[in-house]
1. Name the one entry in Ala86, Ala48, Ala29 that is out of contact with any Phe, Trp or Tyr (no Cβ under 7 Å at 6 or more places or on another chain) and surrounded by 11 or more Cβ atoms within 10 Å (Cβ to Cβ).
2. Looking only at residues in region 70-83 that are surrounded by fewer than 15 Cβ atoms within 10 Å (Cβ to Cβ) and within 23 Å of the chain's Cα centre (by Cα), which one is nearest to Gly125 (Cα to Cα)?
3. Please verify whether region 5-19 includes one or more residues that are out of contact with any Gly (no Cβ under 7 Å at 6 or more places or on another chain), under 20 Å from Thr119 (Cα atoms) and either modelled with pLDDT under 90 or in a helix (DSSP H, G or I) (or both).
4. Let me confirm something: among Thr128, Thr119, Thr132, Thr108, which residue is closer than 28 Å to Arg32 by Cβ, crowded, with 16+ Cβ neighbours inside 10 Å, without any contact (Cβ under 8 Å) to a residue 60 or more places away in the chain and not aliphatic (A, V, I, L, M)?
5. What about Thr11, is it of a type in the set (Ser, Thr, Tyr), over 30 Å from Lys139 (Cβ atoms) and either over 27 Å from the mean Cα position of the chain (by Cα) or buried (at least 16 other Cβ atoms within 10 Å of the Cβ) (or both)?
6. For Leu46, only one of the following conditions fails: (1) of a type outside the set (Phe, Trp, Tyr); (2) under 16 Å from Phe135 (Cβ atoms); (3) not in a helix (DSSP H, G or I). What is its number?
7. Looking for whichever is in a helix (DSSP H, G or I), modelled with pLDDT of 90 or more and under 30 Å from Ala124 (Cβ atoms) here; the options are Tyr60, Tyr67, Tyr90. Which one fits?
8. Taking the condition of being in a loop (DSSP other than H, G, I, E, B) and more than 25 Å from Val127 (Cβ to Cβ), how many residues in region 95-111 meet it?
Amino acid sequence: MKIKNNKSGFTLLEVIIVIIIVGVLASLALPRFFSTVEFSKSSEALTAAGTLRESLERCYLASAGDYTNCTLASLDVENPGNSPGARFAYGVGGQSATGYVITATRNTSDGGDGSSTITLTQTAGGVTRAGTGKFVGIK
């Protein structure tokens with residue numbers, strides 16, 4: 001009676017090579033993934049800036065067509081940066097008769113850098129959005 005010597009499976013070298021390949025692919029993909037996740041958090045800031053903008057427009061109408069008296073403290077909505085779990089701090093500045101600037105600055109909570117900003121600028125010519133740092137691509 002013959003006993004078959006059946007050796008099937010992977011060698012240690014093959015397994016190590018696969019682990020190295022997976023590690024290299026992960027090191028290339030993870031930074032892009034994390035930057036995409038951070039960029040997706042900008043939707044919170046854009047939604048809050050839209051709410052602040054609507055409130056500023058109501059203040060503009062109540063102030064007889066002038067934004068100069070419309071501050072974050074005088075608006076009819078609460079500062080969105082004070083809500084639990086907020087990832088941004090908000091500010092309203094540059095008020096004039098015809099415009100203002102809403103700024104959302106990323107907090108250092110949950111991986112934020114504290115310096116990336118999103119701005120919404122209202123002028124007589126219209127509204128523009130811009131970003132700095134991780135949010136530089138926002139239009």
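The values are calculated or read from the model by the stated rules, or taken from the named source; none is laboratory data. All of these numbers come straight from a predicted model, not from anything done at the bench. For neighbour counting, all protein chains shown are included, and Cβ atoms are generated from backbone atoms with ideal geometry for every residue, glycine included.
1. Only one candidate qualifies: Ala86.
2. Result: Val77.
3. No, region 5-19 contains no residue that is out of contact with any Gly (no Cβ under 7 Å at 6 or more places or on another chain), under 20 Å from Thr119 (Cα atoms) and either modelled with pLDDT under 90 or in a helix (DSSP H, G or I) (or both).
4. When all the criteria are applied, what remains is Thr119.
5. In short, yes.
6. That leaves (3) as the condition not met.
7. Of Tyr60, Tyr67, Tyr90, the one residue that is in a helix (DSSP H, G or I), modelled with pLDDT of 90 or more and under 30 Å from Ala124 (Cβ atoms) is Tyr60.
8. Counting residues in region 95-111 that are in a loop (DSSP other than H, G, I, E, B) and more than 25 Å from Val127 (Cβ to Cβ) gives 1.
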